[in-house]
Amino acid sequence: MNQAVKWVFYLIVLLFLAAIPFLMSDFFTTMTTRVMYFSLMAISFAFLAGQVGLISLAVPAFLGVAGYTIAILETREILFFPYSAIAALGMVLVAAAIFGIFVNRSQGIYFLMLTLILGQIVWAVALQWASVTNGSNGLIGITRPEVMQFTVAGQEVGFYYILLLTVLLVTFGVLALTRSSFGMKLKGIRESESRMIMLGYPVMRMKWIAFMISAFIAGLSGIFLVYYIGVMHPSAIDLDSAAMVLIAVIFGGIYSIVGAIIGMGIVQTFEIFLSAFTSRYMIIIALMFLFVVMYAPKGIMGSIYKIKFMDALYQKWYTGRKKR
Amino acid sequence: MTHPLLSVDNLNAYYGKAHILQDVSFNVNELERVAILGRNGMGKSTLLKSILGLEKIRREGDIQFDGQRTTANETFQTANLGIAYVPQGWQLFPSLSVDEHLEMAYTPSSGEFEWTPDSVYELFPEIEARRKVGGTKLSGGEQQMLAIGRALVRNPRLILMDEPSEGISTFVIERVVEVCQQMAERNISLLLVEQNLDLALRAAQKVYILVNGRMVYETTAEDFKADKESQNHYLGV
């Protein structure tokens with residue numbers, strides 16, 4: 001695609017997204033909002049998986065750390081927005097720094113297992129430490145901050161716009177990061193840790209920083225989740241939500257940040273629409289997942305590139321024929 | 001006080017129980033080009049890896065860079081002192097393009113001369129034509145150029161080069177020799193380990209011979225070139 005066409009396309013998408021609260025039903029707006037805050041989690045996951053080669057199942061745990069920090073601080077009237085949100089992100093960074101030390105030395109399947117365990121520990125704490133987290137009843141009654149409630153033309157769009165802006169900033173931030181020198185070093189680590197060590201790079205420190213960046217983004221997702229639904233419940237950070245992120249990112253294409261967002265959109269949409277018809281909707285999602293893994297292992301974004309590649313091949317073949 | 005840029009003193013290195021390097025001592029002075037010659041399996045690569053603290057090599061003895069002990073360092077700490085490495089087999093990354101390799105490694109320098117990706121392309125126009133190509137899709141010679149370029153853009157004070165003659169054509173060997181000869185002009189010293197006598201004698205000023213993990217001979221490149229008897233004795237050429 002031509003560069004200018006690409007930007008026009010992005011602009012149209014952006015304008016459409018911005019217009020959704022005015023054009024579409026409340027149901028559609030709610031769904032888009034949901035897709036957006038879960039997208040942050042997908043970006044968090046895709047950044048580590050695609051760029052650094054680390055599959056982290058602890059992504060929902062950081063959503064939980066942020067969400068619970070806000071929920072606890074606000075229901076006990078200790079701190080309120082924006083200080084509660086700042087405290088939440090601070091907690092996420094501290095937790096990621098500590099977790100990072102434990103998981104950083106591992107790679108591949110061991111990293112996955114360790115993050116799975118960490119995720120389960122956070123979930124178990126949320127469930128069991130009832131005096132603080134209110135256990136399986138969850139913490140309720142968290143109200144949306146006033147700054148997120150502004151209206152435009154009588155429509156309450158504050159939360160939606162702030163979330164949209166955050167998703168945009170995070171997306172472009174991560175894309176810029178992947179193209180920076182640091183991003184290339186992370187790719188180098190993805191391909192061969194030992195090679196990067198050989199070339200004299202502080203591989204452990206870089207993985208640690210990447211882990212914290214990823215956690216920070218998941219933390220943002222937690223902030224929006226808790227303010228949107230007003231409830232923080234252990235089910236938000238259980239194994240199912242880790243699986244949901246994993247499925248969404250594989251749908252979209254593990255090497256693409258935009259793909260992660262699209263994948264989350266697809267998974268969420270299917271979940272909502274299919275669950276209206278059948279309670280066995282997970283079977284259908286699972287079958288689709290199987291199809292993607294078998295026939296398009298690089299996901300939707302990967303397939304788009306493949307189509308482009310096929311197109312290039314066709315052009316080559318066609319011009320070759322003309323010459324003859 | 002003047003001290004050598006790199007000084008290795010009584011270095012012993014072990015892979016597990018295997019005693020690879022035995023009491024190795026040598027110096028690389030500022031702006032000097034030094035070659036360590038030896039046949040296969042004499043410990044040449046191990047020597048470079050020991051200097052950088054790579055792999056599971058146990059080291060005894062003293063290694064100093066610019067007067068600082070480096071034996072307790074992590075590899076990246078030693079590298080950050082100003083040592084760049086051109087490893088054997090180049091060790092490039094398949095998913096990074098030529099551009100990205102250089103951009104990744106580029107470390108701005110405050111010195112009077114700075115290597116940038118552009119100045120590497122000036123030096124090696126061959127790889128400029130292939131900027132967008134993945135590192136491992138290049139030919140052997142181009143990969144060698146990229147590996148050297150990647151070391152240069154870190155703007156180091158010393159470059160360690162492991163068998164640059166391996167897997168490349170005589171034409172590219174010429175290019176490598178030229179680049180090595182120009183390094184002093186750009187304030188870079190060179191430590192080269194090599195089997196290829198011709199390349200080493202032209203690229204370096206000082207020559208050490210490593211046999212079975214021991215430094216057995218030290219001379220200038222010029223003298224060694226003339227001394228066919230020693231060449232035959234130590235290297236069997």
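FYI, it's all coordinate maths here, none of it is from the lab. Not measured: the values here are computed from a predicted model. Quick reminder, even Gly has a Cβ in these numbers, built from the backbone with ideal geometry, and neighbours come from all protein chains shown.
Dipole magnitude for the range A:3-323: computed about the Cα centre from +1 point charges on Lys and Arg Cβ and -1 point charges on Asp and Glu Cβ, it is near 1700 debye. The mean sequence separation of alpha-carbon pairs under 8 Å and at least six residues apart, normalised by the residue count of the range A:216-289, gives a relative contact order of 18 percent. The count of lysine pairs in chain A that are at least 8 places apart or cross chains, and whose C-alpha atoms lie under 29 Å apart, stands at 24. Placing unit charges on the Cβ atoms of the charged side chains and taking the dipole of the protein assembly as shown about its Cα centre, the candidate lying farthest along the positive direction among A:F38, B:L190, B:S50 is A:F38. Computed from backbone phi with θ = phi - 60° and the Karplus coefficients 6.51, -1.76 and 1.60, the 3J(HN,Hα) list for the range A:189-205 is 5, 4, 6, 6, 4, 5, 5, 5, 5, 4, 7, x, 10, x, 4, 4, 5 Hz; x is used for glycine and proline. Among A:V245, A:V59, B:V216, sorting on how many other beta-carbon atoms sit within 10 Å of each Cβ, with the fewest leading, yields B:V216, A:V245, A:V59. Taken over the range B:91-155, the convex hull of the Cα atoms encloses 65 Å³ per residue. For the range A:153-232 and the range A:1-66, what is the separation of their Cα centres, given in Å? Centre-to-centre (Cα) distance: 12 Å. Normalised by 2.2 N^0.38 Å, where N is the number of residues, the C-alpha radius of gyration of chain A stands at 1.05. Sorting A:M41, A:M113, A:M294 by the number of Cβ atoms found within 10 Å of their own Cβ, with the fewest placed first, yields A:M294, A:M113, A:M41.
Since only A:G263, A:L175, A:Y228 are under comparison, the one whose Cα sits farthest along the positive direction of the charge dipole of chain A, derived from C-beta charges on Lys, Arg, Asp and Glu, is A:L175.
Take every DSSP beta bridge whose two residues both sit in the protein assembly as shown, then give the antiparallel share in percent to the nearest 5.
Details: 28 of 46 bridges.
Close to 60 percent.
Taking the Cα centre of the protein assembly as shown as origin and assigning +1 to Lys and Arg Cβ atoms and -1 to Asp and Glu Cβ atoms, the resulting dipole is close to 1620 debye.
Between B:V86 and B:L160, B:M161, B:D162, the built amide H atoms are under 5 Å apart, and every one of these is 5 or more places off in sequence or on another chain.
In debye, nearest 20: dipole of chain B around its Cα centre with unit charges on the Cβ of K, R (+) and D, E (-)? Using Cβ point charges on Lys, Arg, Asp and Glu, chain B gives about 720 debye. Using the Cα coordinates of the protein assembly as shown, the gyration tensor eigenvalues translate into equivalent-ellipsoid semi-axes of 54, 28, 20 Å, sorted from longest to shortest. Among A:I209, A:I121, a tally of other beta-carbon atoms within 10 Å of each Cβ gives an order, fewest to most, of A:I121, A:I209. When the charge dipole of the protein assembly as shown is built from unit charges on Cβ atoms (+1 for Lys and Arg, -1 for Asp and Glu) and taken about the Cα centre, the candidate among A:G100, A:A88, A:F291 whose Cα reaches farthest toward its positive end is A:F291. Over the residues of the protein assembly as shown, the helix contribution to mean residue ellipticity at 222 nm works out to -18500 deg cm²/dmol, using -39500 (n - 2.57) for each DSSP H run of at least 4. Considering all C-alpha pairs of the range B:1-114, those separated by over 24 Å amount to 33%. Each residue of the range B:95-110 was assigned a 3J(HN,Hα) from its phi angle through the Karplus expression (A = 6.51, B = -1.76, C = 1.60, θ = phi - 60°), giving 8, 9, 6, 4, 3, 5, 4, 6, 5, 4, 7, 4, 10, x, 10, 8 Hz with x at Gly and Pro. Per residue, the average separation of C-alpha pairs within less than 8 Å and at least 6 apart gives the range B:91-155 a relative contact order of 52 percent. Taking every C-alpha pair closer than 8 Å and separated by at least 6 residues, the mean separation divided by the residue count of the range A:3-323 gives a relative contact order of 28 percent.
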